[in-house]
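What follows is a single structure, written as structure tokens, with notes after it.
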Amino acid sequence: MSNKENSSVLSEDQPIAVDLHEQDLRIEVSSPDLEILYQDDFFVAVNKPSGLLVHRSWLDSHATEFALQKVRNQIGKYVFPVHRLDRPTSGVLLFALDKDSARNMMPQFAGQGIGKRYLAVVRGHLGDGELDYPLKEIIDKIADKKAQQDKPAQQAFTEYRCLAQTTLPIAVRPYDSSRYSLMEMTPKTGRKHQLRRHMAHLRHPIIGDTSHGDGKHNNMFRDNFANRRLLLHAAFLSFKHPESGQLTEINAPLDQTFNSLLCALNLNVNEKFDEIKR
């Protein structure tokens, strides 16, 4: 599987160059501090909530809060993101505390030295498996104006494991009931929206995915459970610490909304989340 191991890393996990002046932007709206999961002299990791941008972006010119500035303000130091999480995805987000530490993490993200596990709720009953399905690079008309437009599909490999399943007595046309699975997913390569696109390819899209998902099931969750978020959570991140050489493992607990929803769905969240940590 050496060809998989040498694949390039997920675009949202690529190191990000951030100018110091960007970190001096005034935060106009204040929300609760982010949960700090890990901190030492070189790195800090937080539990990013769904809906929060990592840094200022053309995606939302009206956004006034960003994870980068919030973490900087909380700890009183400049921070440098070493990877991305999509705005709707919650979970472990790692920052370096200096440029050298950020630079030292680049080989691990580029060479598959990072361990990642995600939790997601998908449509239907899906078992364990793996998917080796190439994905075309998503080119944005604004952000990627100068990017090559006709790149061939890039290899993308995902392992997935079913943690729990449920059937609800709620009709979603054309069926009289609806079925869902709580999945643990491990991306072995890194492509933009890889997990979301791979689950959609398997016809088990992630609930709340407005780009690659199922609108009927998204609407059912909104109407019956008041859920408007993507049910995808970066639950675990591990890396070899570039200073100590020790394996560093970081777990991000589910937020109250996600946790309560899984309980309502009878997906045994506490027991299954403990499995993810091991």
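In table form, for the structure just shown:
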{"item": "Counted charge near Val71, where neighbours are those whose Cβ lies closer than 12 Å (Asp, Glu -1; Lys, Arg +1)", "result": "+1"}
{"item": "Linear extension gain, Gln246 paired with Asn219, 0.36 nm per residue minus alpha-carbon span", "result": "5.2 nm"}
{"item": "Segment Asp98-Lys151, extension gain: residue separation times 0.36 nm, minus the distance between their alpha carbons", "result": "15.7 nm"}
{"item": "Calculated FRET value between His55 and Arg228, using beta carbons and R₀ = 25 Å, to 0.05", "result": "0.60"}
{"item": "q = 0.09 Å⁻¹: log10 I(q)/I(0) that the Debye formula gives for segment 101-239, counting C-alpha atoms only", "result": "-0.32"}
{"item": "In Å², nearest 10: area of Tyr175 left accessible to a 1.4 Å probe", "result": "150"}
{"item": "Label-zone membership for segment 189-222, site Cys162, 7 angstrom Cα→C-beta point, backbone N under 16 Å", "result": "199, 202-206"}
{"item": "Two-site FRET efficiency, Gln256 against Ala171, from Cβ-Cβ distance with R₀ of 35 Å, rounded to 0.05", "result": "0.80"}
{"item": "R0 of 25 Å, Cβ-Cβ distance Met106-Asp41: FRET efficiency to nearest 0.05", "result": "0.85"}
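The values are calculated or read from the model by the stated rules, or taken from the named source; none is laboratory data. If you're wondering where the values come from, they're calculated on a predicted model, not measured in any experiment. Cβ: placed from backbone, ideal geometry, glycine included. Neighbour counts: every protein chain shown. Just so you know, the surface numbers come from the protein's heavy atoms only, side chains and all, with ligands and any DNA or RNA stripped out. Shrake-Rupley method; radii C 1.70, N 1.55, O 1.52, S 1.80 Å.
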